[in-house]
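Have a look at the structure below, then the notes.
The values are calculated or read from the model by the stated rules, or taken from the named source; none is laboratory data. Values in this document were obtained by computation on a predicted structure and should not be read as measured data. Note that we place each Cβ from the backbone using ideal geometry, even for glycine, and neighbour counts take in every protein chain shown. Each accessible area value is taken on the protein alone, full model and side chains, heavy atoms only, with ligands, DNA and RNA left out. Shrake-Rupley method; radii C 1.70, N 1.55, O 1.52, S 1.80 Å.
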Amino acid sequence: MKVIFARPFIEVICFIFLLSIINLNAEPQINVTHNNAEWLIQGSHHSVVLNEKTLDITVKDGNINWPFLPSDNSDIMCGYKGDTLHLRLTDAGKIECAQYKTGYSQGAKIVLSQFKHGANTLDMDLQLFITLEGDSEDLVFTVIAHEGDASIKKMSWPKGFSPEISDYIVWPNIQGILLPRNWPKKVSMYRYEDAGNGRGLSMPWWGYLQGKAAAMAILETPLDAYSKLIHPAGGPTIMNPEWLHSLGKLNYPRKIRFCFFQNGNYVTLAKRYREYAIEKGNFVSLKEKITRTPSLGKLIGSPIVHTGILYHTQPASDLYDTMNPAKNHVLVSFYERAKQLQELSDKWNIKQAYVHLDGWETRGYDNLHPDVLPPCAEAGGWEGMKYFSRVCDSLNYLFVIHDQYRDFYCDAASYDPRHSILTEEKEVPLDHKWLGGEQAILCASLAPGYLKRNYSGLLANGVKLKGAYLDVFSVITPEECYNPEHPMTRSDCVKYRAECFNYVRSMGGIISSEEAEDWSLPYIDLVHHSPFISDPKPNEISPFGIPIPLFSLVYHDALIIPWSLGKDISDAAGNNYIYLYNLTCAGMPYLSITPNEAEMEKAKTMCALNKRVGLLEMTNHEFIDGNFHKQRTTFADGTTVTIDLDANTFDINPPLDK
């Protein structure tokens, strides 16, 4: 049968098609005007007001104002002929401002030049771009520096929003924190106040809540950047982006994106970042990872058994126990650990597990890296380790080793200071805080070679490995090296760490590292942990702000995260909050190699929940009372987990079939 379309119908279809083409190629409806010293960048949704003299910036989003902090002497820190200068952007002797336009954005371009130090004019100028971009009218800031005889070490532009306007800061600190403006305690902890690409900022974004409105900042060039958080006791909170030099200069464009929502909360912000991660290719789902490493599928709904062989503490270590010398050398053989795994399987009928083994190395855990072969002779050597791996294989348990390619121990066979990281001050940093005693830092450019040597050596000797945990790679911020034999930027550092991850995967291995950090997500399959941050004090473990599962809202279905069954975040009465938080995140349980009934019951619940939703997106998190103690997470299949921290109870709906 022949179908004949009337000509008018065809003409209508063609007209609609032409309209769609026109719409697809339409520029954003943004107008830029200039009146005296004030520039107005007016979009359909919101507007930006820029003062070209003071460089003050305010965003107006409906009835909500988002004023940025003004220029101050923390804007620029630069080096000039041996001196360190602290400059304001407004110190520029010449400020030029003009309209700037592309096919997808409009705004203003500012050129700053003729900065002075005494009577000398610095050979340094800056190009600053402020544009509204795309249909959503994200506000995008770009910095490009020209550096001659002055080199920028640090720059803070744009600043964050004025602290008085935000009711809460949304902070991806490990798992996530909602920090009230008036939080009573000072927020200042090791490695967290200046946070970038580490546990202080596990994803390169943060947010602000003002009434029902929300805004967020996304670091688009995050590897040489961090956030500067200041929160005195009682608040308020300042959260400023800062750009770091790369091998001495701000030598490539730096970019940050601000997104605005007239109605939004921390879930809105997390979901916006999830979209961004997917657009940029940083989101790789667990389903995709299982396709490339099929054995990873065995982890879903399985416990993680974290155990060890030898823990030896060198006298030079800060951890050396002078009062109890026997504690400095604790050994359990490969054969004994294999026997315990067999008993675990027999007694509790555990058919699948992931076994992480510490201390298998020549002198045990955190010793002699990177020269860790042969395996610990006291524990059974090669034959003992091969036996352990065969037992794991027979039990259908995935055997993965702890390994380390950053700590460079000074008594390792291949130690040479020329292979260590060299700081900008031309120093080899040394430390002795871990078990193995004095150590430097191995330049990451050498790490892939050492990893390949060791990993292939284990496989060649018949050790049936299913993967490797590469310690600290995903928690220590990317590093620089100034050694002329192996110079390294932070971007290079990430590339070398990723090369190590990729090698393990190329050998069919599951890849893990210490904590969940955004840059590592395309490469790793699981992490040691990604907990809610706490503030350790004598006889107290209290949360920092209000714990919220930001990381899981973005990456729950892209990464396996184990959780402890012991105490972590607890109240003064000893209520075990951590198990309830575990359930809201539907993570994997850490299981002792010799568990008791209570531990097994918790582990079974967590395994059953993870088996159901471990590959699904966490779609929502909400507080359902006024004091943040009763809360609920929701997953893509409709499963909800509701916890009550006051009653120390939980409810999973639909109920689990354990």
Query raised in the report: Considering amide H positions built from the backbone, and no H for Pro or chain starts, which residues 5 or more places from Leu616, or on another chain, come under 5 Å of its amide H?
Result: none
Report task. Highest first, please rank the peptides 123-132, 630-639, 327-336 by the mean number of other Cβ atoms sitting within 10 Å of their residues. Result -> 123-132, 630-639, 327-336
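Let me check against my output: what whole-number percent is the relative contact order of the chain, with C-alpha pairs under 8 Å and at least 6 apart? Could the numbers behind the result be given before it?
Values: 1527 pairs, mean separation 69.4, N = 658.
Once normalised by length, the contact order is 11 percent.
So if each residue of separation counts as 0.36 nm, and I subtract the Cα-Cα distance between Thr649 and Tyr335, what length gain in nm does that give? Mind showing how you got there, number by number?
Values: separation 314, 0.36 × 314 = 113.04 nm, distance 4.04 nm.
Extending this stretch completely gives an extra 109.0 nm.
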Report summary line: Taking the reciprocal of mean 1/r across every pair of different Cα atoms in the stretch 402-466, the Kirkwood radius in Å is 13.0 Å
Query raised in the report: Across 5 Å bins from 0, what is the distribution of all Cα-Cα pair distances for the stretch 331-372, in whole percents?
Result: 5, 20, 22, 19, 15, 10, 7, 2
Query raised in the report: Quick one, what does Rg over Rh come out to for the stretch 52-131 if you take C-alpha atoms and the Kirkwood Rh?
Result: 1.05
Query raised in the report: What list of ³J(HN,Hα) couplings, whole Hz, do you get for the stretch 448-453 from phi and the Karplus terms 6.51, -1.76, 1.60, once you set θ to phi - 60° and write x for glycine and proline?
Result: x, x, 5, 4, 4, 4
Query raised in the report: For the stretch 229-340, with the dipole built from +1 on Lys and Arg beta-carbon atoms and -1 on Asp and Glu ones, taken about the Cα centre, which of Ala270, His245, Ser302 lies farthest toward the positive end?
Result: Ala270
Report task. Taking all pairs of distinct Cα atoms, average 1/r, flip it, and tell me the Kirkwood hydrodynamic radius of the stretch 303-383 in Å to one decimal place. Result -> 13.9 Å
Query raised in the report: Dividing the convex hull volume of the Cα atoms of the stretch 117-193 by its residue count, what figure in Å³ per residue is obtained?
Result: 201 Å³
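Using the heavy atoms of the protein chains and a 1.4 angstrom probe, tell me the accessible area per residue for the stretch 378-512 in square angstrom. Please list the in-between numbers first.
Numbers: 4830 Å² over 135 residues.
On a per-residue basis, 36 Å².
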Query raised in the report: What ³J(HN,Hα) values, in whole Hz, does the Karplus curve 6.51 cos²θ - 1.76 cosθ + 1.60 give for the stretch 101-107 when θ = phi - 60°, with x put for Gly and Pro?
Result: 8, 10, x, 10, 8, 9, x
Query - Nearest 10 degrees, 0 to 90: helix 334-348 Cα axis against the chain principal axis - result: 80 degrees
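Given Cα positions, please report Rg to Rh for the stretch 248-389, the hydrodynamic radius being the Kirkwood one. Before the final figure, lay out each step's value.
Details: Rg = 23.1 Å, Rh = 19.9 Å.
Rg/Rh for the stretch 248-389 comes to 1.16.
For the stretch 158-271, report the accessible area per residue in Å² (1.4 Å probe, heavy atoms, rounded to an integer). Don't skip to the end; give the middle numbers.
Values: 3400 Å² over 114 residues.
Ligands and nucleic acids excluded, the figure is 30 Å² per residue.
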Report summary line: Cα-based Rg then Dmax for the chain, in Å, read 27.4, 96
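Take each of the peptides 393-403, 283-293, 145-155, average the number of other beta-carbon atoms within 10 Å over its residues, and list them starting from the highest. Walk me through the intermediate numbers first.
Working: 393-403: 20.3, 283-293: 16.6, 145-155: 18.2.
Output ranking for 393-403, 283-293, 145-155: 393-403, 145-155, 283-293.
Leaving out ligands, DNA and RNA, and with a 1.4 Å probe, what % of the accessible surface on the chain is carbon or sulfur?
52 percent
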Query raised in the report: In sequence order, what are the phi-derived ³J(HN,Hα) couplings for the stretch 205-216 according to the Karplus relation 6.51 cos²θ - 1.76 cosθ + 1.60 with θ = phi - 60°, rounded to whole Hz, with x for glycine and proline?
Result: 8, 7, x, 9, 10, 9, x, 8, 8, 8, 8, 9
Report summary line: Given unit charges at Cβ for Lys, Arg (+) and Asp, Glu (-), the dipole magnitude of the chain about its Cα centre in debye, nearest 20, is 1380 debye
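If you take the Cα atoms of the stretch 179-322, find Rg, then find the Kirkwood Rh from the mean of 1/r over all pairs, what is Rg/Rh? Spell out each step's value before the answer.
Values: Rg = 20.4 Å, Rh = 19.0 Å.
The Rg/Rh ratio comes out at 1.07.
Rounded, prolate or oblate: which one fits the stretch 469-518, using the alpha carbon gyration tensor with axes a ≥ b ≥ c (rounded when a/c is under 1.5, else prolate when a/b beats b/c, else oblate)? Walk me through the numbers before you get to the answer.
On the way: a/c = 2.89, a/b = 1.60, b/c = 1.81.
Oblate, since a/c reaches 1.5 and b/c is not below a/b.
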Query raised in the report: Ranked from highest to lowest mean number of other Cβ atoms within 10 Å per residue, what is the order of the peptides 38-47, 77-86?
Result: 38-47, 77-86
Report summary line: Expressed as a whole-number percentage, the relative contact order of the stretch 303-424 with C-alpha contacts under 8 angstrom and at least six residues apart is 29 percent
Query raised in the report: Against the longest alpha carbon principal axis of the chain, how many degrees, from 0 to 90 and to the nearest 10, is the axis of helix 7-24 turned?
Result: 80 degrees
Report summary line: The answer for Trp434, listing residues at least 5 apart or on another chain whose modeled amide H is closer than 5 Å to its amide H, is Asp318
Query raised in the report: Which FRET efficiency, nearest 0.05, do Lys426 and Asp657 yield, Cβ-Cβ r, R0 41 Å?
Result: 0.05
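Distance check, please: which entries in Lys53/Lys153; Lys154/Lys289; Lys386/Lys452 exceed 27 angstrom between their Cα atoms? Don't skip to the answer; put the middle values down first.
On the way: Lys53/Lys153 25 Å; Lys154/Lys289 38 Å; Lys386/Lys452 19 Å.
Over 27 Å Cα-Cα: Lys154/Lys289.
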Query - Whole-percent pair-distance distribution, where bins are 10 Å wide, for the alpha carbons of the stretch 273-315 - result: 21, 26, 26, 17, 10, 0
Query - P(r), alpha carbons of the stretch 333-484 - 10 Å bins starting at zero, rounded % - result: 11, 37, 30, 16, 6, 1
**Report entry** Residues whose placed amide H lies under 5 Å from that of Ile510, excluding near-sequence neighbours
**Finding:** Gly467, Ala468
Query raised in the report: Extent of the stretch 126-261 along each principal axis, from alpha carbon coordinates, in Å, largest to smallest?
Result: 46, 39, 24
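Return the FRET efficiency for the residue pair Asp637, Glu275: r is the Cβ-Cβ distance, R0 is 25 Å, and the value is rounded to the nearest 0.05.
Computed FRET efficiency for Asp637 and Glu275: 0.75.
Using square roots of five times the C-alpha gyration tensor eigenvalues, list the equivalent-ellipsoid semi-axes of the stretch 385-435 in whole Å, biggest first.
Working: eigenvalues 267, 24, 18 Å².
So the equivalent ellipsoid measures 37, 11, 10 Å along its semi-axes.
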